[in-house]
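The structure under discussion appears below in the form of structure tokens.
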Amino acid sequence: NFWGVTFIDDEHFYATLGTDGQTYLIHGNVTTKKATTLRTNLECPSLSPDGTKIAFKKRVPGLPKDLPWRLYVLDLETMREHPVAETRSLDEQVVWSDDNNLVYSLPDYDAHLYTVPADGSGAPRVLAHDALSPAWIG
């Protein structure tokens, strides 16, 4: 099963591959119809506008079974990941408002859009009240 596709350009993309109870980040090529597995336990990737980072949700051991997700960012050059300041469970694909900030909703908690710095600093803040499913234009 494939989901959470985020495009690099017309030919290349990142996506989640789920198989045998495990999830993987894959890097795919539309023309060659090939994909490479890059990392495990990563879902719903979202590529930063500058193409250097991927925001994603990660299943974290020790969290409640019905709320196991945390928001992380992966540096594609170093392949190092870090959590962002949002500690509530997030079960959807986020969007980038610019190279440094993420936008997302938390429908399990309320109906607002939030923003948080991608570098792990700061704190989440409400961006828009009574809004869900962000799509960034411009």
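The values are calculated or read from the model by the stated rules, or taken from the named source; none is laboratory data. Keep in mind that what you see is a predicted model, and the values were worked out from it rather than measured. Positions of Cβ are backbone-derived with ideal geometry, glycine not excepted, and every protein chain shown enters the neighbour counts. The area values use the complete protein model at the heavy-atom level, side chains included, leaving out ligands, DNA and RNA. Shrake-Rupley method; radii C 1.70, N 1.55, O 1.52, S 1.80 Å.
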Share of the chain's accessible area from carbon and sulfur, percent, 1.4 Å? 50
Quick one: if you take sqrt(5λ) for each eigenvalue of the C-alpha gyration tensor of the stretch 45-103, what semi-axes come out, biggest first, whole angstrom? 21, 12, 8
Give me a comma-separated list of calculated 3J(HN,Hα) values for the stretch 117-128, in order, Karplus coefficients 6.51, -1.76, 1.60 applied at θ = phi - 60°, integers in Hz, x for any Gly or Pro. x, 6, 7, x, 8, x, 8, x, 9, 5, 9, 8
Efficiency of FRET from Cβ geometry, T31 and D108, R₀ 35 Å, rounded to 0.05: 0.35
Amide H neighbours of A118 under 5 Å, at least 5 residues apart or on other chains, H built in the peptide plane: list them. N101, L102
For the chain, dividing by residue count, accessible area per residue (probe 1.4 Å) in Å² works out to 55
Which of the peptides 108-114, 57-63 is most tightly packed, and how do the rest follow, going by the mean number of other Cβ atoms within 10 Å of each residue? 108-114, 57-63
Over the chain, calculate the relative contact order: mean separation of alpha carbon pairs under 8 Å at least 6 apart, over the residue count, as a percent. 14
For the stretch 82-138, what is the largest minus smallest coordinate of the Cα atoms on each principal axis, given in angstrom and ordered from greatest to least? 28, 26, 17
With θ set to phi - 60° and the Karplus curve 6.51 cos²θ - 1.76 cosθ + 1.60, what are the ³J(HN,Hα) couplings of the stretch 3-15 in order, to the nearest whole Hz, using x for Gly and Pro? 7, x, 6, 9, 8, 8, 7, 5, 10, 10, 8, 10, 7
Surface/4 of the Cα convex hull for the chain, nm²: 8.7
